[in-house]
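Asker: Just dropping this structure here.
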Amino acid sequence: MNALKKVVDPEIHRNVVELNMVRDLVISDDGNVSFTLALTIPACPLRDQIAADARRTVGALPGVKNVEVTLGAMTDEERNAVLGITPPQVTDHKIGRIIAVMSGKGGVGKSLVTGLLATALKRAGYKVGILDADITGASVPKLFGIHGPLMAANNKIQPIQSRTGIKIISVNLALENESAAFVWRGSMITKAIQQFWNDADWGALDFLLIDMPPGTSDAALTVLQEMSVHEIVMVTSPQALAAMIVKKALDMAQKMNASIIGVIENMAGFTAPDTGKHYEIFGPSHAAEVAEAAGAPLLARLPIDPQFAERCDAGEIETLPTEALNACVGALAQRQPETV
């Protein structure tokens, strides 16, 4: 067990003993060692690396001839305990919280952050929905690998559920051809967002995340005003230009009396797997500057990782690790819910 303390989960940056991953340890007289590693999620993308590190570390001990590692998974309760995630409180509210994931600029990763945050909240035991309000650039269905058509029941639009039960509504789920362009004026985009909000049967949710349209014009204004959004997660990227435009969105949010929960920086450099060297591909980070302007904490810095693109392109965002967003989940859990 002391040797296994040297084996660190690359995503959580804590050792497998501290995380209570080591189970069913058996040491035989003939030098055979076997144990189970209970991963935080069954589909952990680094499972093979963690197992190999554990096998190599134990195999180097004197007297050990063979090491057998079995991979398992923690229960939701165990995972929440080791990661310090507060479980949801029982509430009678239909939708407990509406959180806008906003930037003011396109291309910084709002949809990715929305999908990862929804996945993290779902893993923590919350009931979660996503309203894809980026009408002209809808991408949430692609991330989750879901397809339409949207159906109606009792005169209400029925959200489509992802593999893990996240409820999703997007204009792409209403199209026969998901690549068709929406050549709409602002008033039509606004009406579509209103319909997704007013005419949908979301049921009971703890969190409804809104993947916001870029910019600070009609569509964004409609979401903040008509849906009574009072909480925002702001997404930025390292470029100074992105930081400048995100500050415009901050200014809009503050004028709308919306509370900024925190800032998440996407594309925060790349660490080469062969050398461990970190490259700031888009230049030095301005996330701390944005967070200071927002008067809110910097909750996460998400690096460039090829597996994220691969999994998202395959519609498998729910299999990606989300430990980097634990601080964001914790910040949401600590705030008092507002009735909607």
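Asker: I'd like to check something: does segment 317-334 contain any residue that is of a type in the set (A, V, I, L, M), more than 21 Å from the chain's Cα centre (by Cα) and not in a helix (DSSP H, G or I)?
Answerer: If we filter segment 317-334 for residues that are of a type in the set (A, V, I, L, M), which is where we start, we get 317, 320, 324-325, 327, 329, 331-333.
Still in the running and more than 21 Å from the chain's Cα centre (by Cα): none.
No - not one qualifying residue is present in segment 317-334.
Asker: Right, Met252: touching a residue at least 60 places away in the same chain (Cβ under 8 Å), assigned to a helix (DSSP H, G or I) and surrounded by fewer than 21 Cβ atoms within 10 Å (Cβ to Cβ) or not?
Answerer: So Met252 passes the test.
Asker: OK, next. For segment 253-277, which residues satisfy the criterion of being out of contact with any Leu (no Cβ under 8 Å at 6 or more places or on another chain) and more than 17 Å from Phe308 (Cβ to Cβ)?
Answerer: Gln254, Lys255, Asn257, Ser259, Asp274, Thr275, Gly276, Lys277
Asker: Please count how many residues of segment 1-50 are over 26 Å from Thr271 (Cα atoms) and of a type in the set (Val, Ile, Thr).
Answerer: Number of matching residues: 5.
Asker: Of the residues Val171, Val128, Val67, only one is in contact (Cβ under 8 Å) with a residue 40 or more places away in the chain and of a type outside the set (Lys, Arg); which?
Answerer: It is Val128.
Asker: Taking the stated definitions as given, is Ile281 surrounded by 14 or more Cβ atoms within 10 Å (Cβ to Cβ), assigned by TED's automatic domain parsing to the domain that holds Arg301 and aliphatic (A, V, I, L, M)?
Answerer: Working: surrounded by 14 or more Cβ atoms within 10 Å (Cβ to Cβ): no; assigned by TED's automatic domain parsing to the domain that holds Arg301: yes; aliphatic (A, V, I, L, M): yes.
Judged against the criteria, Ile281 is not a match.
Asker: Kindly indicate whether any position in segment 1-9 is over 19 Å from Val64 (Cβ atoms) and either at pLDDT below 95 or of a type in the set (Ser, Thr, Tyr) (or both).
Answerer: Checked against the condition, which is being over 19 Å from Val64 (Cβ atoms) and either at pLDDT below 95 or of a type in the set (Ser, Thr, Tyr) (or both), segment 1-9 yields at least one hit.
Asker: Just the residues that are hydrophobic (A, V, I, L, M, F, W, C) and more than 19 Å from Ile189 (Cα to Cα), please, taken from segment 127-150.
Answerer: Residues satisfying the conditions are Val128, Leu143, Phe144, Ile146.
Asker: Just to check your reading of the model, which residue among Asp29, Asp9, Asp24 is closer than 22 Å to Leu320 by Cβ and of a type in the set (Asp, Glu)?
Answerer: Within the list Asp29, Asp9, Asp24, the selection yields Asp9.
Asker: Restrict the check to segment 272-284 and report whether at least one residue is aromatic (Phe, Trp, Tyr) and in contact with a Pro (Cβ under 6 Å, 6 or more places away or on another chain).
Answerer: The answer is yes; a qualifying residue exists.
Each row is one residue, and each column tells you yes or no for (1) under 26 Å from Lys122 (Cβ atoms); (2) modelled with pLDDT of 85 or more; (3) not aliphatic (A, V, I, L, M).
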| site | (1), (2), (3) |
| --- | --- |
| Thr236 | yes, yes, yes |
| Glu265 | yes, yes, yes |
| Phe282 | no, yes, yes |
| Glu318 | yes, yes, yes |
| Pro321 | yes, yes, yes |
| Val329 | yes, yes, no |
| Arg335 | yes, no, yes |
| Thr339 | yes, no, yes |
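Asker: Would you be able to say whether some residue in segment 28-41 is hydrophobic (A, V, I, L, M, F, W, C), surrounded by fewer than 15 Cβ atoms within 10 Å (Cβ to Cβ) and modelled with pLDDT under 95?
Answerer: No, every residue in segment 28-41 fails to be hydrophobic (A, V, I, L, M, F, W, C), surrounded by fewer than 15 Cβ atoms within 10 Å (Cβ to Cβ) and modelled with pLDDT under 95.
Asker: Further, regarding this structure: Would a scan of segment 294-308 turn up a residue that is outside the structural domain of Asp9 (by TED's automatic domain parsing), more than 19 Å from the chain's Cα centre (by Cα), touching a residue at least 24 places away in the same chain (Cβ under 8 Å) and closer than 18 Å to Val108 by Cα?
Answerer: Yes - at least one qualifying residue is present in segment 294-308.
Asker: Next question. Ile193 fails exactly one of the following numbered conditions: (1) touching a residue at least 24 places away in the same chain (Cβ under 8 Å); (2) surrounded by fewer than 21 Cβ atoms within 10 Å (Cβ to Cβ); (3) not polar (S, T, N, Q). What is the number of that condition?
Answerer: Every listed condition holds for Ile193 apart from (2).
Asker: Which of the residues belonging to segment 224-237 are surrounded by fewer than 23 Cβ atoms within 10 Å (Cβ to Cβ) and under 19 Å from the mean Cα position of the chain (by Cα)?
Answerer: Glu231
Asker: Report, by residue number, each residue of segment 146-168 that is in a loop (DSSP other than H, G, I, E, B) and touching a helix residue (DSSP H, G or I) at 6+ places or on another chain (Cβ under 8 Å).
Answerer: Ile146, His147, Gly148, Pro149, Leu150, Ser162, Arg163, Thr164, Gly165, Ile166
Asker: Taking only pairs six or more apart or across chains, which ones have beta-carbon atoms under 9 Å, a first residue in segment 27-48 that is farther than 19 Å from Asn15 by Cβ, and a second residue that is part of a strand (DSSP E or B) and of a type in the set (Val, Ile, Thr)?
Answerer: Final answer for the pair search is Ile27/Val33; Asn32/Val26; Asn32/Val67; Ser34/Val26; Ser34/Ile27; Ser34/Val67; Ser34/Val69; Ser34/Thr70.
Asker: Separate question: Pick from Arg163, Arg185: which is farther than 30 Å from Ala293 by Cα and either at pLDDT 85 or above or surrounded by 15 or more Cβ atoms within 10 Å (Cβ to Cβ) (or both)?
Answerer: Every option except Arg163 fails the conditions.
Asker: Moving on to the next point. Quick one: which of Ala296, Ala300 is modelled with pLDDT of 90 or more, outside any helix (DSSP H, G or I) and buried (at least 17 other Cβ atoms within 10 Å of the Cβ)? Quick ask: steps written out before the conclusion?
Answerer: Details: Ala296 fails: modelled with pLDDT of 90 or more.
Sole residue among the options that is modelled with pLDDT of 90 or more, outside any helix (DSSP H, G or I) and buried (at least 17 other Cβ atoms within 10 Å of the Cβ): Ala300.
The values are calculated or read from the model by the stated rules, or taken from the named source; none is laboratory data. None of these values were measured; they are calculated from a predicted model. Backbone-built Cβ (ideal geometry, glycine too); neighbour counts: all protein chains shown.
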